[in-house]
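Q: Once you've had a glance at the structure underneath, I'll fire off some questions.
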Amino acid sequence: MSGSLFIVSAPSGAGKTSLVNALVDSMADVRLSISHTTRAKRDGEVDGEDYFFISQDEFAQMRDAGAFLESATVFDNCYGTLSESVMTQLNLDLDVILEIDWQGAQQIGNNYPECIGIFILPPSQSALEQRLRGRGQDDDEIIARRMRDAKSEMSHYVEFDYLIVNDDFDDALAELAAIISAQRNSIGIQKQIKQKLLIELLA
């Protein structure tokens, strides 16, 4: 297995979804893991593409059966990453990105210590609030709650391997791509991929 597991976390509104989607579109052999969630589907979202939308009962049954690599409750909704799906893609030598919060990142770090954690920050609190309002998805009360929770979420950046400030989108995307490329060229990965060549060169 030469695929790598990447965790991308950020407070709501920092732009992680846009960055991850752009990365997946621009790099070969990178896949985004699609989470299961109990939250309601938003306008424009597609079941099986954005999330797998399931009921609370279905989620509880899957969680109790140990189907999730990680699961968490965020803003009163449950989210989980299906273990079988992630491992299948890694075994196909694909890099897999999990777009999850810090709670899920901690669980995966405990269960899969080889994972690489990337935390994305906004350039300022005012920019974060502006982005949340610009989405037009939440009322003032929910935005205020997201801003309060963001401070707590951002304090967990120290638990990750890399830190990106999403001020300029293109710059942040380039930094994210550079992390993926660097991991692909690490000794551990290249020893697996280039095993035959290395044997020949050192013969």
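The values are calculated or read from the model by the stated rules, or taken from the named source; none is laboratory data. None of the values given here were measured: they were computed from a predicted structure. Quick reminder, even Gly has a Cβ in these numbers, built from the backbone with ideal geometry, and neighbours come from all protein chains shown.
Q: Restricting the first residue to the stretch 122-134 and requiring it to be within 19 Å of D170 (Cβ to Cβ), which pairs with a second residue that is among the acidic types (D, E) and part of a loop (DSSP other than H, G, I, E, B) meet a Cβ separation below 7 Å and a spacing of at least six or different chains?
A: P123/D167
Q: Going residue by residue through the stretch 59-71, is there one that turns out to be within 26 Å of E159 (Cβ to Cβ), touching a residue at least 12 places away in the same chain (Cβ under 8 Å), in contact with a Gly (Cβ under 8 Å, 6 or more places away or on another chain) and among the basic types (K, R)?
A: For the stretch 59-71, residues within 26 Å of E159 (Cβ to Cβ), touching a residue at least 12 places away in the same chain (Cβ under 8 Å), in contact with a Gly (Cβ under 8 Å, 6 or more places away or on another chain) and among the basic types (K, R): present.
Q: Still on this structure, I have one more. Would you please name the residue that is nearest to M147 (Cα to Cα), looking only at residues in the stretch 66-89 that are of a type in the set (G, A, S) and in a strand (DSSP E or B)?
A: Selected residue: A72.
Q: For the stretch 4-26, enumerate the residues that are of a type outside the set (G, A, S) and either surrounded by 17 or more Cβ atoms within 10 Å (Cβ to Cβ) or touching an Asp or Glu at 6+ places or on another chain (Cβ under 8 Å) (or both).
A: L5, F6, I7, V8, P11, K16, T17, L19, V20, L23 - these are the residues of the stretch 4-26 that are of a type outside the set (G, A, S) and either surrounded by 17 or more Cβ atoms within 10 Å (Cβ to Cβ) or touching an Asp or Glu at 6+ places or on another chain (Cβ under 8 Å) (or both).
Q: Can I ask one more? So which residues in the stretch 90-109 are closer than 15 Å to L69 by Cα, outside any helix (DSSP H, G or I), among the hydrophobic types (A, V, I, L, M, F, W, C) and out of contact with any Leu (no Cβ under 8 Å at 6 or more places or on another chain)?
A: Within the stretch 90-109, just I100 meets the criteria.
Q: Could you pull out the residue among E175, E153, E141 that is in a helix (DSSP H, G or I), closer than 19 Å to G13 by Cα, free of Cβ contacts under 8 Å to residues at least 40 places away in the same chain and under 18 Å from the mean Cα position of the chain (by Cα)?
A: E175
Q: Sticking with this structure for a sec: Within the stretch 110-138, count every residue that is closer than 20 Å to V30 by Cα and outside any strand (DSSP E or B).
A: Count: 4.
Q: Right, another one. Between residues in the stretch 35-56 that are hydrophobic (A, V, I, L, M, F, W, C) and residues that are part of a loop (DSSP other than H, G, I, E, B), which pairs lie under 9 Å by C-beta distance while being six or more apart or on different chains?
A: Short answer, once both residue conditions are applied: F52/I34; F52/S35; F53/T38; F53/R39; F53/A40; F53/K41; F53/E45; I54/T38.
Q: I'd like to check something: does the stretch 11-31 contain any residue that is over 23 Å from D161 (Cβ atoms) and part of a strand (DSSP E or B)?
A: Checked the stretch 11-31: no residue is over 23 Å from D161 (Cβ atoms) and part of a strand (DSSP E or B).
Q: Further, regarding this structure: Give the residue that is nearest to L23 (Cα to Cα), with candidates limited to residues of the stretch 183-203 that are surrounded by 12 or more Cβ atoms within 10 Å (Cβ to Cβ) and out of contact with any Ser or Thr (no Cβ under 8 Å at 6 or more places or on another chain).
A: Q190
Q: Could you say which residue among L121, L90, L132 is at pLDDT below 90 and buried (at least 17 other Cβ atoms within 10 Å of the Cβ)?
A: L132
Q: I'm trying to understand the selection: among the residues of the stretch 156-172, which are in a helix (DSSP H, G or I) and without any contact (Cβ under 8 Å) to a residue 40 or more places away in the chain?
A: Listed by number, the residues that qualify are Y157, V158, D170, D171.
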